[in-house]
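S.K.: My questions all concern the structure below.
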Amino acid sequence: MTEAPPQRTGAPEGPGSPETSGNPAGDRRRVIRRRALTLLIIVLLIGIPAGYLVISANQSRDSGRDKEKKYSATGLTEGWPSKLQRRIYQVPVPHPAAKVAYYETNNWKTSRLYVQFETTAAGLDAFLAGVGVHRDDLERDRITISGRDQRITGWELTGPGPWQGLVHEQENPAPTHDIVVGTADPDRPMVYVVSRTVP
């Protein structure tokens with residue numbers, strides 16, 4: 001007798017059986033969610049820093065415009081005079097110095113360099129020594145910068161002070177310096193200089 005082939009039990013195996021394939025719709029949803037999450041993370045990683053950069057750039061530009069308006073209204077230019085200007089007019093702006101601004105005028109008769117800066121007590125001594133004078137040469141309550149020069153620069157040297165000033169005269173072609181120092185804060189004196197020379 002010929003034996004009958006063994007009977008198979010359970011669901012048949014094949015391409016469509018649960019053992020060989022999962023839920024295609026569920027797999028697609030998981031892939032889509034994973035991709036969406038990855039995209040969201042990328043957007044956050046790029047977008048947030050970029051947003052901060054845009055805000056910072058706008059604030060910096062606005063601050064620069066404010067300073068530009070402030071100084072353009074008075075003729076002053078924010079920043080340090082060039083090395084050539086400092087050498088010709090003999091205005092050795094010291095280190096450290098803050099709130100530095102300058103303005104130069106030239107005509108056939110007289111050239112002037114207006115400079116302002118805030119410095120330290122040691123910086124003030126170094127500046128005065130570079131000009132060729134000493135702190136003892138400053139006279140209390142003496143405003144040596146004329147009203148005309150104050151109007152040109154927008155300087156207002158009329159507050160309570162205390163103010164100290166001097167005139168450092170030299171023979172042409174060396175410049176003459178009108179210097180005023182505001183010492184409301186003795187540790188952070190504010191210096192105003194008008195250096196004039198005959199071309």
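The numbers here are math on the coordinates, done by the rules we state, and not lab data. It should be emphasised that the depicted structure is a prediction, and the values quoted were computed from it without experimental measurement. Here the Cβ is made from the backbone with ideal geometry for all residues, glycine too, and neighbour counts use every protein chain on show.
S.K.: Could you grab me the full set of residues in segment 146-166 that are over 29 Å from the mean Cα position of the chain (by Cα) and under 11 Å from Val193 (Cβ atoms)?
M.R.: Gly165, Leu166
S.K.: So which residues in segment 113-130 are surrounded by fewer than 20 Cβ atoms within 10 Å (Cβ to Cβ) and more than 19 Å from Asp185 (Cα to Cα)?
M.R.: Of everything in segment 113-130, those that are surrounded by fewer than 20 Cβ atoms within 10 Å (Cβ to Cβ) and more than 19 Å from Asp185 (Cα to Cα) turn out to be Ala129, Gly130.
S.K.: Condition check: polar (S, T, N, Q) and in contact with a Ser or Thr (Cβ under 8 Å, 6 or more places away or on another chain). Does Gln170 satisfy that? Quick ask: steps written out before the conclusion?
M.R.: Details: polar (S, T, N, Q): yes; in contact with a Ser or Thr (Cβ under 8 Å, 6 or more places away or on another chain): yes.
For Gln170, the condition - polar (S, T, N, Q) and in contact with a Ser or Thr (Cβ under 8 Å, 6 or more places away or on another chain) - is met.
S.K.: For segment 151-175, name all the residues that are closer than 14 Å to Val115 by Cβ and out of contact with any helix residue (DSSP H, G or I) (no Cβ under 9 Å at 6 or more places or on another chain).
M.R.: Ile152, Thr153
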